[in-house]
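Values quoted throughout were computed directly from the atomic coordinates according to the rules given, and no laboratory measurement underlies them. This is a predicted model, so every value here is computed, not measured. Positions of Cβ are generated from backbone atoms using ideal geometry, with glycine treated the same way; all protein chains shown enter the neighbour counts.
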Amino acid sequence: MRTLDSHDIIATKTPGILVNTYHLYADLGRKILSTFGSIREFMGWDGALISDSGGFQVMSLAKQYHGKITDEGVWFNLNKKKKVKLTPESSIAFQMELKPDMAVVLDDFTPPQAKEAEAKDTVDRTILWAKRSKAEFERQCQRLGLTEKTRPYLLAVVQGGKWQKLRAECAKRLVKIGFDGYGYGGWPIADNGDFDYLSAKIIAKHVPKGTFLYGLGIGKPEEVVSLVEMGYTIFDCVLPTRDARHGRLYVFNAASIKQIDVHAPDFYSYYVPTKEKHYADDSPVSTACDCLLCTHYSRAYLNHLFKIKDLSALRLATIHNLRFYSILMEKLRP
Ligand SMILES: [Zn+2]
């Protein structure tokens with residue numbers, strides 16, 4: 001969400017945000033957080049809020065930068081002096097201090113190149129950690145006096161990579177422990193470079209009706225459309241904000257919001273201001289959008305802001321892309 005504050009996010013009609021447990025644990029810490037009472041109060045955010053578990057950083061930071069993973073937990077080597085240890089228990093305990101609507105249990109991310117035996121190990125550890133996370137969650141709820149009505153939802157994450165048998169096994173074993181929702185975790189891209197829809201389907205097939213399905217780190221607009229059809233309703237992804245900062249804007253191929261058909265093939269395209277030749281274009285980036293950028297400024301002005309590297313270019317583009325995604329979700333809502 002870089003370049004935006006809470007008010008900007010609300011204006012894009014984005015109903016909820018995700019906060020990153022690992023980064024808040026390492027960079028903010030409990031002491032400052034306890035002064036404010038919750039991450040919502042710290043950020044001035046009133047909307048829905050998920051905290052992740054730090055599970056993605058198990059893969060992106062610990063596994064790549066010589067951290068250590070054992071059954072006990074994960075050690076991150078931030079630098080020579082600073083090591084951070086995250087266990088299933090400390091992840092849950094810290095998330096309960098963040099006070100989210102939904103908390104996620106720590107999982108062991110199956111690396112995309114994992115052979116079957118290694119993938120099986122990550123599933124076993126994911127299950128072990130899920131059990132310990134749930135026990136810690138119940139302890140915390142009791143300690144804080146939270147009831148079934150006032151406690152956050154607790155979501156588990158299905159691992160197993162491209163190994164479909166392992167995905168099914170992981171989902172079944174997590175369901176046995178019992179959670180409010182289940183996430184499609186790990187790397188969602190198949191060996192051929194296509195999105196791995198099969199794993200998403202297997203997970204959806206094995207979780208009980210009435211529980212949440214969550215696509216972690218997903219995804220491109222067409223992937224979101226397909227997963228919503230399978231029953232997924234929660235997504236988090238860096239694409240809209242990161243693409244915006246790189247000058248890539250999502251635009252519906254429609255003249256107005258009303259005319260958008262997210263089930264049509266090629267229902268959107270990219271608009272890249274820096275590649276634009278028509279610098280005098282006075283039309284908005286999209287007429288099928290009601291964001292701050294599209295209702296107040298022209299393509300020419302945005303091009304100019306990107307050209308002179310004005311920071312407001314990043315903010316306006318981010319606002320636009322978030323509104324693109326919130327319109328997408330509005331169109332997919334039954
Ligand atoms: Zn817009």
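Quotient of the Cα radius of gyration of region 155-249 and 2.2 N^0.38 Å, N being its number of residues: 1.09. Charged side chains reduced to their Cβ positions (Lys and Arg at +1, Asp and Glu at -1) give the chain a dipole of some 780 debye around its Cα centre.
Hydrodynamic analysis of region 20-64 uses the Kirkwood radius over alpha carbon pairs. Inserted into Stokes-Einstein at 37 °C and 0.692 mPa s, it gives a translational diffusion coefficient of 283 µm²/s.
For the chain, the longest stretch holding no GluC sites (Glu not before Pro) located in a DSSP loop with at most 16 other Cβ atoms within 10 Å is which?
Numbers: sites that count: E72, E148, E276.
The longest uninterrupted stretch comes out as 149-275.
For region 1-96, trypsin sites (Lys or Arg not before Pro) meeting the loop criterion (DSSP other than H, G, I, E, B) and having at most 11 other Cβ atoms within 10 Å: R2, K80, K81, K82. What's the long-distance tail for the chain, i.e. % of Cα pairs beyond 34 Å? For the chain, the fraction of Cα-Cα distances above 34 Å is 28 percent. A simple charge model with +1 on the Cβ of Lys and Arg, -1 on the Cβ of Asp and Glu and nothing else charged puts the dipole of region 54-106 at about 460 debye relative to its Cα centre.
For K80 and S256, the FRET efficiency from 1/(1 + (r/R0)^6), where r spans their Cβ atoms and R0 equals 35 Å, is about 0.05.
Sparsely packed loop sites in region 236-315 (the chymotrypsin sites (Phe, Trp or Tyr not before Pro) outside DSSP H, G, I, E and B with at most 16 other Cβ atoms within 10 Å) comprise Y279.
Summing +1 for each Lys or Arg and -1 for each Asp or Glu among the other residues whose beta-carbon sits under 10 angstrom from that of R299 gives -3.
Once both labels are positioned 7 Å from their Cα atoms along Cα-to-Cβ, the gap between E276 and E41 label points is 4.4 nm.
What fraction of the Cα pairs in region 86-169, stated in percent, has a spacing above 15 angstrom?
Tail of the P(r) past 15 Å holds 57 percent of the pairs.
Tell me, what are the semi-axes, in whole angstrom and largest first, of the equivalent ellipsoid of region 32-172 as set by the roots of 5 times the Cα gyration tensor eigenvalues?
Three semi-axes, in Å: 27, 19, 13.
Selection among A119, V84, G44 by position relative to the dipole of region 38-162 gives V84 as farthest towards the positive end (Cβ unit charges, Cα centre).
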